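> Sharing a structure below in C-alpha coordinates format, with a few things to ask.
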Amino acid sequence: MEKKLQQSVDSFNAFTKFSRENELVWISVTAYGIALTALELKVKSIIVTESQQEENNKGVTRTKDEQKSEMANEAIGVAQALQGYAISIGDNDLFDLMSTSYTNIYRVKNSEAIAAAQRVFDTASALPIASLQPFGISATVLTTLKTSIENFIAVAPSTRNVKAHRLVLTKNLTQLVKEANTLMRKNLLKIARQFKKTNPDFYAGLVGNAKVIRHTLHARLRLTVTDAKTKNVLPGALIEIEGTELKGMTDMKGKCTVTLVPAGMQTITVKKTGYEVYVMKDVEFKKGKAVTAAIAMEPEKVNVAQPVVVVSA
(Lines give C-alpha, C1' and ligand atoms only; values in the text may rest on other atoms or scores of the structure.)
Protein backbone atom coordinates (compact mmCIF):
# COMPACT_ATOMS: atom_id res chain seq x y z
CA MET A 1 0.00 0.00 0.00
CA GLU A 2 1.23 3.50 -0.78
CA LYS A 3 2.66 5.34 2.21
CA LYS A 4 0.05 8.11 2.05
CA LEU A 5 -2.82 5.60 2.01
CA GLN A 6 -1.25 3.59 4.84
CA GLN A 7 -1.05 6.70 6.99
CA SER A 8 -4.77 7.29 6.46
CA VAL A 9 -5.57 3.68 7.35
CA ASP A 10 -3.49 4.04 10.52
CA SER A 11 -5.65 7.00 11.53
CA PHE A 12 -8.86 5.01 10.82
CA ASN A 13 -7.62 2.17 13.03
CA ALA A 14 -6.59 4.54 15.82
CA PHE A 15 -9.94 6.34 15.63
CA THR A 16 -12.07 3.17 15.75
CA LYS A 17 -9.93 1.66 18.51
CA PHE A 18 -10.24 4.81 20.65
CA SER A 19 -14.00 4.90 20.04
CA ARG A 20 -14.49 1.27 21.06
CA GLU A 21 -12.34 1.73 24.15
CA ASN A 22 -14.61 4.60 25.24
CA GLU A 23 -17.91 3.05 24.18
CA LEU A 24 -19.68 4.11 27.38
CA VAL A 25 -19.38 7.76 26.30
CA TRP A 26 -21.33 7.40 23.03
CA ILE A 27 -23.31 4.16 23.48
CA SER A 28 -26.64 6.01 23.74
CA VAL A 29 -25.98 7.98 20.52
CA THR A 30 -27.32 5.58 17.88
CA ALA A 31 -26.08 7.65 14.92
CA TYR A 32 -22.52 7.47 16.19
CA GLY A 33 -22.69 3.68 16.58
CA ILE A 34 -24.05 3.25 13.04
CA ALA A 35 -21.38 5.49 11.54
CA LEU A 36 -18.62 3.76 13.51
CA THR A 37 -19.76 0.32 12.28
CA ALA A 38 -19.80 1.72 8.74
CA LEU A 39 -16.21 2.94 9.13
CA GLU A 40 -15.15 -0.47 10.46
CA LEU A 41 -16.70 -2.10 7.37
CA LYS A 42 -14.69 0.24 5.14
CA VAL A 43 -11.49 -0.65 6.99
CA LYS A 44 -12.30 -4.35 6.60
CA SER A 45 -12.78 -3.86 2.85
CA ILE A 46 -9.51 -1.94 2.66
CA ILE A 47 -7.66 -4.79 4.37
CA VAL A 48 -9.17 -7.36 1.96
CA THR A 49 -8.39 -5.22 -1.10
CA GLU A 50 -4.85 -4.50 0.09
CA SER A 51 -4.30 -8.23 0.61
CA GLN A 52 -5.53 -8.94 -2.91
CA GLN A 53 -3.28 -6.21 -4.30
CA GLU A 54 -0.20 -7.49 -2.49
CA GLU A 55 -0.76 -11.04 -3.69
CA ASN A 56 -1.39 -9.75 -7.20
CA ASN A 57 1.79 -7.67 -7.25
CA LYS A 58 3.88 -10.58 -6.04
CA GLY A 59 2.20 -13.03 -8.37
CA VAL A 60 1.52 -15.31 -5.40
CA THR A 61 -1.40 -17.70 -5.49
CA ARG A 62 -3.36 -17.80 -2.26
CA THR A 63 -4.59 -21.12 -0.94
CA LYS A 64 -8.25 -22.02 -1.20
CA ASP A 65 -8.63 -21.70 2.60
CA GLU A 66 -7.17 -18.18 2.56
CA GLN A 67 -9.50 -17.10 -0.21
CA LYS A 68 -12.48 -18.70 1.52
CA SER A 69 -11.63 -16.89 4.76
CA GLU A 70 -11.32 -13.61 2.87
CA MET A 71 -14.71 -14.15 1.20
CA ALA A 72 -16.32 -15.02 4.55
CA ASN A 73 -14.93 -11.93 6.29
CA GLU A 74 -16.07 -9.58 3.55
CA ALA A 75 -19.53 -11.19 3.29
CA ILE A 76 -20.10 -10.99 7.06
CA GLY A 77 -19.13 -7.30 7.10
CA VAL A 78 -21.71 -6.50 4.41
CA ALA A 79 -24.34 -8.76 6.04
CA GLN A 80 -23.97 -6.98 9.38
CA ALA A 81 -24.26 -3.60 7.67
CA LEU A 82 -27.44 -4.81 5.96
CA GLN A 83 -28.83 -5.80 9.36
CA GLY A 84 -28.20 -2.26 10.56
CA TYR A 85 -30.09 -0.97 7.51
CA ALA A 86 -32.91 -3.46 8.16
CA ILE A 87 -33.29 -2.20 11.73
CA SER A 88 -33.48 1.40 10.50
CA ILE A 89 -36.41 0.60 8.17
CA GLY A 90 -38.06 -2.01 10.41
CA ASP A 91 -37.59 -4.88 7.94
CA ASN A 92 -37.48 -8.04 10.09
CA ASP A 93 -37.36 -10.35 7.07
CA LEU A 94 -34.22 -8.68 5.74
CA PHE A 95 -32.67 -8.77 9.22
CA ASP A 96 -33.33 -12.51 9.53
CA LEU A 97 -32.08 -13.17 5.98
CA MET A 98 -28.75 -11.57 6.85
CA SER A 99 -28.40 -13.39 10.19
CA THR A 100 -25.24 -15.37 9.52
CA SER A 101 -21.73 -15.67 10.91
CA TYR A 102 -18.17 -16.26 9.79
CA THR A 103 -18.46 -19.92 10.81
CA ASN A 104 -21.66 -20.36 8.78
CA ILE A 105 -19.71 -19.45 5.65
CA TYR A 106 -16.18 -20.64 6.31
CA ARG A 107 -17.00 -23.99 7.96
CA VAL A 108 -19.55 -25.24 5.43
CA LYS A 109 -19.12 -26.90 2.04
CA ASN A 110 -17.60 -24.73 -0.66
CA SER A 111 -20.80 -24.64 -2.71
CA GLU A 112 -22.83 -23.58 0.35
CA ALA A 113 -20.24 -20.93 1.28
CA ILE A 114 -20.34 -19.45 -2.22
CA ALA A 115 -24.16 -19.44 -2.17
CA ALA A 116 -24.24 -17.69 1.21
CA ALA A 117 -21.75 -15.00 0.16
CA GLN A 118 -23.53 -14.55 -3.18
CA ARG A 119 -26.86 -14.13 -1.35
CA VAL A 120 -25.37 -11.28 0.68
CA PHE A 121 -23.99 -9.66 -2.49
CA ASP A 122 -27.24 -10.06 -4.44
CA THR A 123 -29.32 -8.71 -1.54
CA ALA A 124 -27.15 -5.61 -1.20
CA SER A 125 -26.99 -5.07 -4.97
CA ALA A 126 -30.80 -5.09 -5.22
CA LEU A 127 -31.15 -2.21 -2.74
CA PRO A 128 -30.62 1.51 -3.51
CA ILE A 129 -26.93 2.17 -2.95
CA ALA A 130 -27.72 5.66 -1.63
CA SER A 131 -29.75 4.12 1.21
CA LEU A 132 -26.90 1.78 2.12
CA GLN A 133 -24.14 4.42 2.10
CA PRO A 134 -24.74 5.54 5.74
CA PHE A 135 -24.12 1.94 6.82
CA GLY A 136 -20.78 1.69 5.00
CA ILE A 137 -21.92 -0.18 1.89
CA SER A 138 -20.78 1.48 -1.31
CA ALA A 139 -20.28 0.30 -4.90
CA THR A 140 -16.59 -0.21 -4.10
CA VAL A 141 -17.38 -2.37 -1.07
CA LEU A 142 -19.68 -4.53 -3.19
CA THR A 143 -16.97 -4.80 -5.86
CA THR A 144 -14.56 -6.03 -3.22
CA LEU A 145 -17.05 -8.68 -2.08
CA LYS A 146 -17.74 -9.73 -5.66
CA THR A 147 -14.01 -10.07 -6.35
CA SER A 148 -13.57 -12.20 -3.22
CA ILE A 149 -16.34 -14.54 -4.38
CA GLU A 150 -14.94 -14.78 -7.90
CA ASN A 151 -11.42 -15.42 -6.60
CA PHE A 152 -12.64 -18.27 -4.43
CA ILE A 153 -14.64 -19.78 -7.28
CA ALA A 154 -11.66 -19.59 -9.63
CA VAL A 155 -9.19 -20.59 -6.87
CA ALA A 156 -6.41 -18.77 -8.70
CA PRO A 157 -6.89 -15.93 -11.21
CA SER A 158 -5.32 -16.24 -14.64
CA THR A 159 -1.83 -14.72 -14.83
CA ARG A 160 -2.66 -12.90 -18.07
CA ASN A 161 -5.22 -10.86 -16.13
CA VAL A 162 -2.81 -9.87 -13.35
CA LYS A 163 -1.90 -6.47 -14.79
CA ALA A 164 -5.51 -5.47 -15.47
CA HIS A 165 -6.55 -6.79 -12.05
CA ARG A 166 -3.80 -4.72 -10.41
CA LEU A 167 -5.19 -1.48 -11.87
CA VAL A 168 -8.70 -2.31 -10.62
CA LEU A 169 -7.42 -3.11 -7.12
CA THR A 170 -5.39 0.11 -6.91
CA LYS A 171 -8.42 2.14 -7.98
CA ASN A 172 -10.68 0.35 -5.50
CA LEU A 173 -8.19 0.79 -2.66
CA THR A 174 -7.91 4.53 -3.25
CA GLN A 175 -11.70 4.86 -3.42
CA LEU A 176 -12.24 2.90 -0.21
CA VAL A 177 -9.74 5.07 1.70
CA LYS A 178 -11.50 8.16 0.36
CA GLU A 179 -14.90 6.86 1.50
CA ALA A 180 -13.55 5.92 4.93
CA ASN A 181 -11.99 9.35 5.32
CA THR A 182 -15.35 10.99 4.52
CA LEU A 183 -17.10 8.77 7.07
CA MET A 184 -14.62 9.61 9.80
CA ARG A 185 -14.36 13.35 9.22
CA LYS A 186 -17.78 14.38 7.90
CA ASN A 187 -19.94 11.90 9.79
CA LEU A 188 -18.33 10.70 13.00
CA LEU A 189 -16.50 13.88 13.96
CA LYS A 190 -19.59 15.92 13.11
CA ILE A 191 -21.77 13.75 15.36
CA ALA A 192 -19.07 13.85 18.06
CA ARG A 193 -19.23 17.64 18.37
CA GLN A 194 -21.98 17.13 20.94
CA PHE A 195 -19.34 15.69 23.27
CA LYS A 196 -17.18 18.82 23.03
CA LYS A 197 -18.81 20.25 26.17
CA THR A 198 -20.11 17.14 27.91
CA ASN A 199 -16.92 15.09 27.48
CA PRO A 200 -14.13 17.31 26.13
CA ASP A 201 -11.38 14.76 26.78
CA PHE A 202 -13.15 12.16 24.63
CA TYR A 203 -13.71 14.68 21.85
CA ALA A 204 -10.06 15.79 21.98
CA GLY A 205 -8.99 12.16 21.76
CA LEU A 206 -11.16 11.62 18.67
CA VAL A 207 -9.74 14.68 16.94
CA GLY A 208 -6.19 13.63 17.77
CA ASN A 209 -6.68 10.09 16.47
CA ALA A 210 -8.39 11.32 13.30
CA LYS A 211 -5.24 13.14 12.24
CA VAL A 212 -3.06 11.39 9.68
CA ILE A 213 -0.06 10.01 11.55
CA ARG A 214 3.18 10.83 9.80
CA HIS A 215 5.50 8.42 11.54
CA THR A 216 8.65 10.16 10.31
CA LEU A 217 7.74 13.47 11.95
CA HIS A 218 6.03 12.55 15.19
CA ALA A 219 6.05 10.06 18.03
CA ARG A 220 3.48 8.29 20.19
CA LEU A 221 2.90 8.03 23.91
CA ARG A 222 1.44 4.83 25.36
CA LEU A 223 0.54 4.87 29.05
CA THR A 224 -0.96 2.41 31.50
CA VAL A 225 -2.28 4.05 34.66
CA THR A 226 -2.96 2.21 37.94
CA ASP A 227 -3.69 2.97 41.60
CA ALA A 228 -0.41 2.88 43.54
CA LYS A 229 -2.03 1.20 46.55
CA THR A 230 -4.62 -1.19 45.13
CA LYS A 231 -2.78 -1.84 41.82
CA ASN A 232 -6.16 -1.56 40.05
CA VAL A 233 -6.27 0.09 36.63
CA LEU A 234 -7.57 3.65 36.50
CA PRO A 235 -9.97 4.52 33.66
CA GLY A 236 -10.79 8.16 32.96
CA ALA A 237 -7.36 9.58 33.82
CA LEU A 238 -6.53 12.68 31.77
CA ILE A 239 -3.13 12.76 30.03
CA GLU A 240 -1.75 16.06 28.74
CA ILE A 241 1.45 17.02 26.93
CA GLU A 242 2.41 20.41 28.35
CA GLY A 243 2.86 23.20 25.82
CA THR A 244 0.61 21.44 23.28
CA GLU A 245 -3.10 20.80 22.79
CA LEU A 246 -2.52 17.04 22.87
CA LYS A 247 -4.71 15.18 25.34
CA GLY A 248 -5.79 11.61 25.99
CA MET A 249 -7.94 9.66 28.40
CA THR A 250 -7.38 6.15 29.75
CA ASP A 251 -9.89 3.50 28.74
CA MET A 252 -11.52 0.84 30.91
CA LYS A 253 -8.21 -1.04 30.98
CA GLY A 254 -6.32 2.02 32.20
CA LYS A 255 -4.58 2.43 28.84
CA CYS A 256 -4.18 5.47 26.62
CA THR A 257 -2.34 6.27 23.40
CA VAL A 258 -1.53 9.86 22.42
CA THR A 259 -0.39 10.34 18.83
CA LEU A 260 1.34 13.16 16.95
CA VAL A 261 3.63 14.00 19.88
CA PRO A 262 6.36 16.39 18.66
CA ALA A 263 9.88 15.01 18.79
CA GLY A 264 12.07 16.37 21.61
CA MET A 265 11.87 16.69 25.39
CA GLN A 266 8.29 16.87 26.68
CA THR A 267 6.56 17.13 30.06
CA ILE A 268 3.60 14.84 30.67
CA THR A 269 0.93 15.38 33.32
CA VAL A 270 -1.63 12.81 34.43
CA LYS A 271 -4.69 13.93 36.37
CA LYS A 272 -7.63 12.14 37.94
CA THR A 273 -10.11 13.24 40.57
CA GLY A 274 -9.13 11.85 43.98
CA TYR A 275 -5.46 11.39 43.07
CA GLU A 276 -2.29 13.44 43.26
CA VAL A 277 -1.25 14.98 39.93
CA TYR A 278 1.49 12.86 38.35
CA VAL A 279 4.18 14.73 36.40
CA MET A 280 6.83 13.22 34.11
CA LYS A 281 9.47 15.78 33.15
CA ASP A 282 12.04 15.69 30.36
CA VAL A 283 10.59 12.66 28.56
CA GLU A 284 12.44 12.27 25.27
CA PHE A 285 10.39 11.57 22.16
CA LYS A 286 12.10 10.50 18.94
CA LYS A 287 10.65 10.74 15.43
CA GLY A 288 8.68 7.68 14.46
CA LYS A 289 9.14 6.02 17.87
CA ALA A 290 6.77 5.29 20.74
CA VAL A 291 7.33 6.00 24.43
CA THR A 292 5.69 3.38 26.67
CA ALA A 293 5.32 3.81 30.41
CA ALA A 294 3.35 2.47 33.39
CA ILE A 295 2.21 5.04 35.97
CA ALA A 296 1.03 4.36 39.53
CA MET A 297 -0.98 7.28 40.92
CA GLU A 298 -1.10 8.04 44.64
CA PRO A 299 -4.53 8.70 46.19
CA GLU A 300 -5.00 12.34 47.15
CA LYS A 301 -4.15 13.10 50.77
CA VAL A 302 -7.23 14.02 52.78
CA ASN A 303 -6.77 16.99 55.08
CA VAL A 304 -8.67 16.33 58.30
CA ALA A 305 -10.05 19.60 59.64
CA GLN A 306 -9.07 20.44 63.21
CA PRO A 307 -11.98 20.80 65.68
CA VAL A 308 -12.97 24.39 66.34
CA VAL A 309 -12.92 25.38 70.00
CA VAL A 310 -15.33 28.16 70.87
CA VAL A 311 -14.28 30.17 73.90
CA SER A 312 -16.99 32.22 75.61
CA ALA A 313 -16.21 35.37 77.56
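The values are calculated or read from the model by the stated rules, or taken from the named source; none is laboratory data. Keep in mind that what you see is a predicted model, and the values were worked out from it rather than measured. Ideal geometry is used to build each Cβ from the backbone, glycine not excepted, and the neighbour counts take in all protein chains shown.
> Would you please list the contacts, defined by Cβ atoms under 6 Å and residues six or more apart or on different chains, that run from a residue in the stretch 204-227 that is more than 18 Å from LYS247 (Cβ to Cβ) and outside the structural domain of MET184 (by TED's automatic domain parsing) to a residue that is modelled with pLDDT of 85 or more and surrounded by fewer than 17 Cβ atoms within 10 Å (Cβ to Cβ)?
THR226/VAL233; THR226/ALA296
> Oh, and also: Just to be sure before I move on: is ILE268 free of Cβ contacts under 8 Å to residues at least 40 places away in the same chain and surrounded by 15 or more Cβ atoms within 10 Å (Cβ to Cβ) in the structure I sent?
Details: free of Cβ contacts under 8 Å to residues at least 40 places away in the same chain: no; surrounded by 15 or more Cβ atoms within 10 Å (Cβ to Cβ): yes.
No, not satisfied.
> Of the conditions (1) modelled with pLDDT under 90; (2) part of a helix (DSSP H, G or I); (3) under 27 Å from the mean Cα position of the chain (by Cα), SER111 clears all except one; give me its number.
(3)
> Would you confirm whether or not the stretch 9-28 contains a residue that is farther than 21 Å from CYS256 by Cα and not basic (Lys, Arg)? Explain how you work it out, then say what you get.
To start, the set of residues in the stretch 9-28 that are farther than 21 Å from CYS256 by Cα comprises 28.
If we keep only those that are not basic (Lys, Arg) too, we end up with 28.
Yes, that holds for at least one residue.
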